[in-house]
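Below: one structure, written as structure tokens.
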Amino acid sequence: DVFYLFKIILTAEQEVTQECASKGQAVSETLVAFMVKAVVLDPAYEFNVDRTLTKDDVQKLIKLCVNRLMDTRSPALDTVKMQVYFDMNYTTRSDFLEEHRRVLESRLQPVIREITDSRARTREELESLYPVLLRSGLGSPTDIAVVREATAALQSVFPQTELGTFMSLTKRDKERQLLELTMIVTGIRLFNKECGKGGEGIDDLPAILNEAVPATTQNVDGEIQGTLKGAQKYTALIEKMQQSEQVEGPSMQLLKEALINTRQHEAFLRIILNDVISCAQQVELLEQQLAARMEQLQATVQSKTAVPTAQVYPQFIHLSQLWSGFQDEMVLLSVLSNILASLEPYTRGHRELFNDDVLAPFLEGVTVKTDEQRVQETSGADNRINPNDFKDFDWLFPETTKNFSKLPLQYRGYCGWALGRYDRLLLPGNPEIGVLRYKDQYYVFSSKQAAQEFIRLVAEGAKRSPELIQLLELHTQFASITPYSQGKDQGRMIEKPVTKCDSGTQTDTHFMESNIVKSYEWNEWELRRKAIKLANLRDRITHSVQTNLSNMRRDTAIQVWPPKEHGTQTKEDAYTNVPKPSVFLAGLRGGGMSTATDMTKVDLTIDVDQT
């Protein structure tokens with residue numbers, strides 16, 4: 001029963017959360033849910049979801065989950081925590097900015113409501129409109145100089161004579177005009193700052209971004225290089241231990257978990273780096289547009305004492321929109337920096353466990369290869385796949401495939417054969433030797449030999465290390481533990497959960513034969529009546545007679561023409577109206593015994609023309 005299984009798992013999650021909290025380890029519901037499903041999925045624990053879980057099974061599940069969650073030195077647990085944190089805190093650029101604007105609007109809503117609901121009629125009350133500078137974010141609202149400059153700019157575009165017209169507008173029109181006033185005032189202040197005549201409290205966002213974006217890019221790139229060095233050391237040591245029969249050395253299991261952790265960290269860092277690069281490109285575009293708009297404004301205004309509003313106001317509004325773009329990039333860069341700093345604790349465990357002093361003795365005489373060196377070693381013509389050797393498979397090559405570099409590679413570009421053959425070993429694949437297309441999925445391998453053996457045992461390896469499911473994007477094979485849809489953009493790992501979907505089913509009207517017994521009777525008295533009737537027929541004789549007239553009689557039929565329906569229509573409609581008679585009789589009571597009765601009849605009928 002699916003509902004029963006869901007109820008059991010939900011109960012187990014609650015008890016795991018409480019058990020960890022009692023031991024001083026705070027865990028999130030998402031982490032607990034992932035761990036419970038990962039333990040159930042692991043074949044080593046022999047949980048059979050096709051049968052009802054007993055009480056002992058539930059207690060075993062709770063104990064295993066608690067032990068995994070309490071293992072603070074497990075690189076696998078750190079990887080799962082990292083994935084949960086990234087899923088909960090990272091989203092696309094557009095979603096980041098949309099959420100930021102929503103929060104900003106919610107904070108400004110009381111101020112906007114106070115302005116739109118007010119009934120200001122005097123000059124003093126006009127000054128209450130200065131909070132428009134809060135929306136633009138140019139300076140502190142507690143700074144008197146900023147408030148005075150904003151108020152002066154507002155009064156220059158919104159004189160006191162327009163106050164009555166503004167107050168007579170509907171609430172929606174007030175909000176729209178208030179937004180327009182905000183952008184115009186922001187544009188005026190920015191233009192004054194450019195001219196050196198104002199701009200009190202306005203930060204130089206382009207200059208700040210020109211320093212912050214390269215610094216963040218360098219920081220992220222440095223993190224990637226450090227992570228890659230750790231991954232390369234782990235890979236070289238794992239290869240050495242697998243090739244030799246030497247048992248001494250670090251735990252192979254922990255080394256593989258540490259390698260998975262570093263590769264997952266690298267994947268997240270590259271996502272952040274892509275967003276920072278996009279931020280840099282957007283800042284460069286905004287700077288070009290800002291400079292062009294400032295030059296156009298200078299040419300429009302020059303030294304004129306009066307400029308038509310139809311010419312200058314749209315330029316001020318565009319200037320304000322460009323500045324909002326700079327503010328968005330500042331917010332986005334700050335969020336990405338916070339996420340970058342928050343990922344580091346999830347990699348600290350394996351770095352302390354396998355520091356340079358621990359790994360140095362085991363890496364003596366071992367060549368630590370970079371990903372680029374591995375690709376170069378397998379990029380020769382002799383290492384390319386010969387499609388004739390695999391006629392039953394479809395191979396793609398750079399020179400014969402359009403948009404080859406944009407192919408959605410399975411396992412995030414890691415060699416599938418190495419994952420299965422060497423039990424979760426992450427080796428970068430080389431697309432130059434050929435990409436295998438199988439069932440609309442694309443697989444890449446680290447060498448020709450790896451491609452010949454193909455991928456095996458990957459799913460089993462992922463069951464033993466559930467943190468591989470998200471890193472290798474195995475959501476289709478393990479759809480029960482992934483909360484996100486597969487429709488992602490290239491380079492993105494997070495999507496909003498799909499909460500609704502349209503579905504339909506269709507069945508035959510009667511796909512099973514009918515088994516209705518029409519002679520069935522539920523009433524025993526009816527059965528008794530039929531039995532008596534049949535019993536009485538035993539001593540009865542059937543007689544039949546035939547007359548001369550009925551001999552050889554047959555059915556006959558005749559056919560006639562049905563009568564036609566006819567109708568007539570008069571030339572015009574006419575009607576008559578007669579007056580309604582109305583008569584009143586007076587004196588019917590009489591005058592008693594001494595006086596004769598004198599009845600009077602009065603005709604009260606009204607003529608038809610008078611009605």
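In this structure, Arg101 does not satisfy being modelled with pLDDT under 80 and farther than 20 Å from Thr347 by Cα.
Taking into account only those residues within segment 435-444 that are part of a loop (DSSP other than H, G, I, E, B) and surrounded by fewer than 23 Cβ atoms within 10 Å (Cβ to Cβ), which is nearest to the chain's Cα centre (by Cα)?
Asp440
Taking the numbered list (1) of a type in the set (Gly, Ala, Ser); (2) in contact with a helix residue (DSSP H, G or I) (Cβ under 8 Å, 6 or more places away or on another chain); (3) over 30 Å from Ile272 (Cβ atoms) in turn, Gly196 passes all entries but (2). Hey, among the residues in segment 300-329 that are crowded, with 18+ Cβ neighbours inside 10 Å and aliphatic (A, V, I, L, M), which one's nearest to Gln288 (Cα to Cα)? Filtering first and then ranking leaves Leu322. Selection of segment 418-431 for residues being free of Cβ contacts under 8 Å to residues at least 40 places away in the same chain and open to solvent by less than 30 Å² (accessible area, probe 1.4 Å) yields Ala418, Gly429. Regarding segment 381-388, can at least one residue be identified that is of a type in the set (Gly, Ala, Ser) and at pLDDT below 85? Within segment 381-388 (the criterion being of a type in the set (Gly, Ala, Ser) and at pLDDT below 85), the answer is yes, since at least one residue qualifies. When the helices (runs of 4 or more DSSP H) confined to segment 1-120 are screened for residues that are open to solvent by 50 Å² or more (accessible area, probe 1.4 Å) and out of contact with any Ser or Thr (no Cβ under 8 Å at 6 or more places or on another chain), those reaching at least 2 such residues are found at 2-22, 55-70, 93-117.
Checked across segment 88-111, the condition of being free of Cβ contacts under 8 Å to residues at least 24 places away in the same chain, among the aromatic types (Phe, Trp, Tyr) and in contact with a helix residue (DSSP H, G or I) (Cβ under 9 Å, 6 or more places away or on another chain) holds for no residue. Of all residues in segment 389-432, those satisfying the criterion of being at pLDDT 75 or above, closer than 17 Å to Ser465 by Cβ and among the basic types (Lys, Arg) are Arg412, Arg424.
Considering only residues in segment 580-611 that are of a type in the set (Asp, Glu) and not in a strand (DSSP E or B), the one that is surrounded by the most Cβ atoms within 10 Å (Cβ to Cβ) turns out to be Asp598. Of Glu284, Glu295, Glu344, all but one fail to be open to solvent by less than 60 Å² (accessible area, probe 1.4 Å), out of contact with any Pro (no Cβ under 6 Å at 6 or more places or on another chain) and assigned to a helix (DSSP H, G or I); the exception is Glu344. For segment 244-256, the criterion of being open to solvent by 20 Å² or more (accessible area, probe 1.4 Å), without any contact (Cβ under 8 Å) to a residue 12 or more places away in the chain and closer than 24 Å to Ile469 by Cβ is satisfied by at least one residue.
Based on this model, can you work out whether Lys233 counts as farther than 17 Å from Ala215 by Cβ, surrounded by fewer than 21 Cβ atoms within 10 Å (Cβ to Cβ) and over 31 Å from the mean Cα position of the chain (by Cα)?
Values: farther than 17 Å from Ala215 by Cβ: yes; surrounded by fewer than 21 Cβ atoms within 10 Å (Cβ to Cβ): no; over 31 Å from the mean Cα position of the chain (by Cα): yes.
The answer is no for Lys233.
Selection of segment 159-196 for residues being under 26 Å from Met294 (Cβ atoms) and of a type in the set (Ser, Thr, Tyr) yields Thr182, Thr186.
The values are calculated or read from the model by the stated rules, or taken from the named source; none is laboratory data. Predicted model, so just to flag it, every value in this text is computed and none were measured. Glycine gets a Cβ as well: all are built from the backbone with ideal geometry, and neighbour counts include every protein chain shown. Just the protein is used for accessible areas: all its heavy atoms, side chains included, with ligands, DNA and RNA removed. Shrake-Rupley method; radii C 1.70, N 1.55, O 1.52, S 1.80 Å.
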